[in-house]
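Engineer: Structure provided below as structure tokens; questions to follow.
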């Protein structure tokens, strides 16, 4: 029975991936333009990052920060594939098979580990090194174990996983470990302890549920997309800063590309927020809370605008450049709000405009 | 008294409400009509959740221009309003209590047996319990006009009895939409057929 169930879960996963790919092919043009260049670039950058880790070119804190970014990227990918890994579209049927819960969880963890592109990339990097030198890259092995731990943990306890990633980030700031290996061992031990300690289940009893509490719950329930955008934005900028350190002569071009990528991501977030609004519009209207949602939408716009303005003013040492990118972002935002189908065209035009301006200067 | 004048609504090329004029003179009215005849659309417009393309909604012969006023003086229970799935029944009712400064009707909750599902998320409720949640959520607002979209659908026999009694005792006006006019006629509702007006 166990082998039948495992076979079923494998087939279900492949079926879901096929279904996903067929949906993607339906939007082929849009995706090729929007995500096509971004996804391979992100994987390429992740591979470069792993290469840098392998060569131990970085300090302990830098290496840990890089690992945090890679773990976050991996978590984002797993989150996107969660439905396929868990077979959520056919959950009721899967549940009706009444197998033991350990088997269900084992299948989830196996699929999350084996079909995890970031783990596969690390395996690729490790396998590219001759086995005679494996003793010199034990930090990569430890990082692989950490990656697997995080892949498994995200399905068992997302809260503890994010806590572990946050603690790794904090460790990178304080820099207490003498070497990456010791730091990774400490993080792994911390992770194991964290997952062995049962967290108390909070059962809050309340007799009042004001609007601000509702909005807190609402954004917590819908945090996936903003978190994805934030993670990818931060990773892109960190990578851009990493490249600039190596090639300061290309600083302007690198930040230009990173900035335009950022504009596209944040404008895409606006489209997602619009969808979220449409899905809940009747409910918001019923409670006269449409304005509450719009405040958050405008807040995202203001923060993103301010961020782009400060970044480009700082990078180019010119507030004019900051203002220009701020205007581009606002244009993309407005289009994303009013005519989402024209977003890509507007963004491409803005890219052409920015490149031309760069040449003129 | 609520009334509508020359109310029309199109969804793209499809005309749903073709310049409708109705006076809801009775305190209990049941809107009937074929599927797609615009029953739910009309309730949504009356609740201020949807804008009509033309025409007006009137209360005591005065045009209600502001949708917020319509939302304040009506409460609607409809499957067309998707409640965010993370809300539990208790949170939803407490939110209504907090935002509209009303009290949760404990008697109605107990009669519907909804107290046993208070801590369940709305997306985990059965169709019947979701309908009861929508109904309690609308009744507790105690508005001048209660708008009920297919109120008895999915309800068990006991819950239907509770609903009929609650509707009977409700002090304000009720406008319901249903495909079972006979039941509503028995309960003293005036029937308004949208198909006739088309």
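A short reminder: the numbers here are calculations on the coordinates, not readings from a lab. Note that this is a predicted model, so its numbers are computed, not measured. Cβ sites come from the backbone with ideal geometry, for glycine too, and all protein chains shown count toward neighbours.
Engineer: Taking the highest mean first, how do the peptides B:73-86, A:293-306 order by number of other beta carbon atoms within 10 angstrom per residue?
Structural biologist: Listed from highest to lowest mean packing, they are B:73-86, A:293-306.
Engineer: Which whole-number percentage describes the relative contact order of chain A, with Cα contacts under 8 Å and a sequence gap of 6 or more?
Structural biologist: 15 percent
Engineer: Could I ask something else about it? Please give the calculated 222 nm ellipticity per residue for chain A, where each DSSP H segment of at least 4 residues contributes -39500 (n - 2.57) and the sum is spread over every residue; nearest 500 deg cm²/dmol?
Structural biologist: Counting only the DSSP helices, I get -27500 deg cm²/dmol.
Engineer: Order these peptides, A:7-15, B:137-145, by their mean beta-carbon neighbour count within 10 angstrom, highest first. Don't skip to the answer; put the middle values down first.
Structural biologist: Numbers: A:7-15: 15.8, B:137-145: 19.7.
Ranked from most to least packed, the peptides come out as B:137-145, A:7-15.
Engineer: Let a ≥ b ≥ c be the square roots of the eigenvalues of the Cα gyration tensor of the range B:71-111; is it rounded (a/c under 1.5), or, if not, prolate (a/b larger than b/c) or oblate?
Structural biologist: Rounded is the answer for the range B:71-111, as its axis ratio a/c remains below 1.5.
Engineer: For the peptides B:109-117, B:179-187, A:145-153, what is the packing order when you average, over each peptide's residues, the other Cβ atoms within 10 Å and list the highest mean first?
Structural biologist: A:145-153, B:109-117, B:179-187
Engineer: Right, something else. Can you bin the range A:311-361 into rounded, prolate or oblate? Criterion: square roots of the alpha carbon gyration tensor eigenvalues sorted a ≥ b ≥ c, rounded for a/c under 1.5, prolate for a/b above b/c, oblate for the rest. Present the calculation step by step, with values, prior to reporting the outcome.
Structural biologist: Working: a/c = 3.74, a/b = 1.67, b/c = 2.23.
Since a/c reaches 1.5 but b/c is at least a/b, the shape of the range A:311-361 is classed as oblate.
Engineer: Also, I was wondering about something else. Can you compute log10 of I(q)/I(0) for the range B:88-198 with the Debye formula, treating each Cα as one identical point scatterer, at q = 0.22 Å⁻¹?
Structural biologist: Result of the Debye calculation: -1.29.
Engineer: Determine, at each q value in 0.12, 0.13 (inverse angstroms), the log₁₀ of I(q)/I(0) that the Debye formula gives when each Cα of the range A:46-197 is one equal point scatterer.
Structural biologist: The computed values of log10 I(q)/I(0) come out as -0.53, -0.61.
Engineer: According to the Cα gyration tensor, what semi-axes, each the square root of 5 times an eigenvalue, does the equivalent ellipsoid of the range B:157-198 have, listed from largest to smallest in whole Å?
Structural biologist: 21, 13, 8
Engineer: Follow-up question, since we're still on this one. Diagonalise the Cα gyration tensor of the range A:206-343 and give the resulting equivalent ellipsoid semi-axes, square root of 5 times each eigenvalue, largest first, whole Å.
Structural biologist: The equivalent ellipsoid of the range A:206-343 has semi-axes of 33, 16, 13 Å.
Engineer: Given the Cα atoms of chain B, and with Rh set as the inverse mean 1/r over their pairs in the Kirkwood sense, what is Rg to Rh to two decimals?
Structural biologist: 0.95
Engineer: From the C-alpha gyration tensor of the protein assembly as shown, pull out the three semi-axes of the equivalent ellipsoid (sqrt of 5λ each), sorted largest to smallest, in whole Å.
Structural biologist: Numbers: eigenvalues 545, 190, 89 Å².
Semi-axes, largest first: 52, 31, 21 Å.
Engineer: Could I have the simple spin-label model distance between residue B:161 and residue A:145, label points 7 Å from Cα toward Cβ, reported in nm to one decimal?
Structural biologist: Simple spin-label model gives 6.7 nm for this pair.
Engineer: Averaged over peptide A:208-215, how many Cβ atoms belonging to another chain are found within 10 Å of each residue's Cβ?
Structural biologist: Going residue by residue through A:208-215 and averaging, the value is 5.
Engineer: Shielding by partners for A:282-291, please: the mean number of other protein chain Cβ atoms within 10 Å of each residue's Cβ.
Structural biologist: 6
Engineer: Is the shape of the range B:26-70 best called rounded, prolate or oblate, per the rule: a/c under 1.5 gives rounded, else a/b larger than b/c gives prolate, else oblate, with a ≥ b ≥ c the square roots of the Cα gyration tensor eigenvalues?
Structural biologist: The shape class here is oblate.
Engineer: Jot down the radius of gyration and Dmax of the range B:3-114, Cα atoms only, both in angstrom.
Structural biologist: Computed over the Cα atoms of the range B:3-114, radius of gyration and Dmax are 16.3, 46 Å.
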